[in-house]
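Student: Attaching a single structure in structure tokens format; questions to follow.
What follows is calculated from the coordinates using simple rules that are stated; it is not laboratory data. Quantities reported herein were computed from a predicted structural model and do not represent experimental measurements. All Cβ positions, glycine included, derive from the backbone under ideal geometry; neighbour counts span all protein chains shown.
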Amino acid sequence: MQVPLLTRIASGDTRAVDECIDRYGGLVWSLARRLSSSVADAEDAVQEIFVDLWKNADRFREDLASEPNFVAMLARRRLIDRLRKSRRELESQPIDELALQYAAPPQTSNMELAEEGARAVVCLEGLRSDERKVLELSIYHGLPQSRIAEQTGLALGTVKTHARRGLLQLRNCMQVRSQRRLEGVEAL
């Protein structure tokens, strides 16, 4: 019967360390890549996991778990600890005062909002009736596309197409009208 790698590592067999990397490197890497935010973070995690494996090789009990299960369990625990630690660090970081200066969007006056709303209504009225109907049900009534399909009797794909085309035309119309307004202001 072959002596498990972790038992050999615990007894000081240095060749078993290389064999351990060869045998379990793929397993540890796949777990680390799945539970890490980046490749660099996964590489760091793999190193930590193997160091932890070698330090705790004497804790392996063949009668309790197979060697691959022990490796996977230890790797998973280490990776979860790393995730929790990174979340705590993100939560505890103070907000940069400079970032606060630019966090809020510029304030728009009520008059500007009213003008933009009026342009949007004119643009909405210029759409084809089926596109306008779909957008009105979505915007004014807050209906999801599935409910719009039920209410209008249109297929869901058709509703999605009308919504997309209508929004694109609405956006283009709003851009043209905004540009014309700016050109009119510059002419004054």
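Student: Taking Cβ-Cβ under 4.7 Å as the only way to count a partner, pick out the unpartnered cysteines of the chain.
Tutor: C20
Student: Go ahead and run the numbers for FRET between T158 and K55, Cβ-Cβ distance against an R0 of 45 Å, rounding to 0.05.
Tutor: Rounded to the nearest 0.05, the efficiency is 0.10.
Student: With an 8 Å Cα cut-off and a minimum separation of 6 or more residues, compute the relative contact order for the chain in percent.
Tutor: Details: 105 pairs, mean separation 29.6, N = 188.
Over the chain, the number comes to 16 percent.
Student: Between region 120-188 and region 4-18, what is the C-alpha centre distance in whole Å?
Tutor: Each part reduced to its Cα centre gives a spacing of 68 Å.
Student: A further question follows. Dividing the alpha-carbon Rg of region 110-187 by 2.2 N^0.38 Å yields what? Each step should come with its number before you reach the end.
Tutor: Details: Rg = 14.5 Å, N = 78, 2.2 N^0.38 = 11.5 Å.
So the Cα radius of gyration is 1.26 times the expected 2.2 N^0.38 Å.
Student: Please name which of N172, Y140, C20 has its Cα lying farthest along the dipole of the chain towards the positive end, using unit charges on Cβ (Lys, Arg +1; Asp, Glu -1) and the Cα centre as origin.
Tutor: Comparing the listed Cα positions along the dipole, Y140 ranks first.
Student: Report the normalised scattering of the chain as log10 I(q)/I(0) at q = 0.10, 0.12, 0.14, 0.16 Å⁻¹, calculated by the Debye formula with identical scatterers on the alpha carbons.
Tutor: Relative scattering, expressed as log10 I(q)/I(0), comes to -0.72, -0.77, -0.86, -0.98.
Student: Let's test the formula: R0 of 41 Å, r as the Cβ-Cβ distance of N69 and S146. What FRET efficiency results, to the nearest 0.05?
Tutor: So, using R0 = 41 Å, E works out to roughly 0.35.
Student: Give me the number: length gained by fully extending R34 to A120, i.e. 0.36 nm times residue separation minus the C-alpha to C-alpha distance, one decimal in nm. Don't jump to the answer; show the numbers that get you there.
Tutor: On the way: separation 86, 0.36 × 86 = 30.96 nm, distance 4.53 nm.
Separation in residues times 0.36 nm, less the Cα-Cα distance, equals 26.4 nm.
Student: Could you give the length gained by full extension between L83 and I21, i.e. 0.36 nm per residue of separation minus their alpha carbon distance, to one decimal place?
Tutor: Working: separation 62, 0.36 × 62 = 22.32 nm, distance 2.32 nm.
Fully extending the segment from L83 to I21 adds 20.0 nm.
Student: Could you tell me how many degrees, from 0 to 90 and to the nearest 10, lie between the Cα long axis of helix 129-139 and the main elongation axis, the longest principal axis, of the Cα atoms of the chain?
Tutor: It is inclined by approximately 60 degrees.
Student: Please list 3J(HN,Hα) in residue order for region 114-122, calculated via the Karplus relation 6.51 cos²θ - 1.76 cosθ + 1.60 where θ = phi - 60°; whole Hz, with x for glycine and proline.
Tutor: Rounded to whole hertz, the list is 5, 5, 5, x, 5, 5, 5, 5, 4.
Student: Hey, got the dipole for the chain? About the Cα centre, +1 on K and R Cβ, -1 on D and E Cβ, debye to the nearest 20? If you can, show how the numbers build up before the last one.
Tutor: Working: 28 positive and 28 negative charges, 138 e Å.
Computed charge dipole of the chain: roughly 660 debye.
Student: Starting from the Kirkwood radius over alpha-carbon pairs of region 5-93, derive D by Stokes-Einstein at 20 °C in a medium of 1.002 mPa s and give it in µm² s⁻¹. Don't jump to the answer; show the numbers that get you there.
Tutor: Working: Rh = 13.6 Å.
Taking Rh from Cα pairs, D becomes 158 µm²/s.
Student: Separation between the E136 and L167 pseudo-spin-labels, each 7 Å from Cα along Cα→Cβ, expressed in nm?
Tutor: So the two model labels end up 2.0 nm from each other.
Student: For the chain, find the longest principal axis of its Cα atoms and tell me its angle to the long axis of helix 156-187, 0 to 90°, nearest 10.
Tutor: Long axis of 156-187 versus the principal axis of the chain: about 60 degrees.
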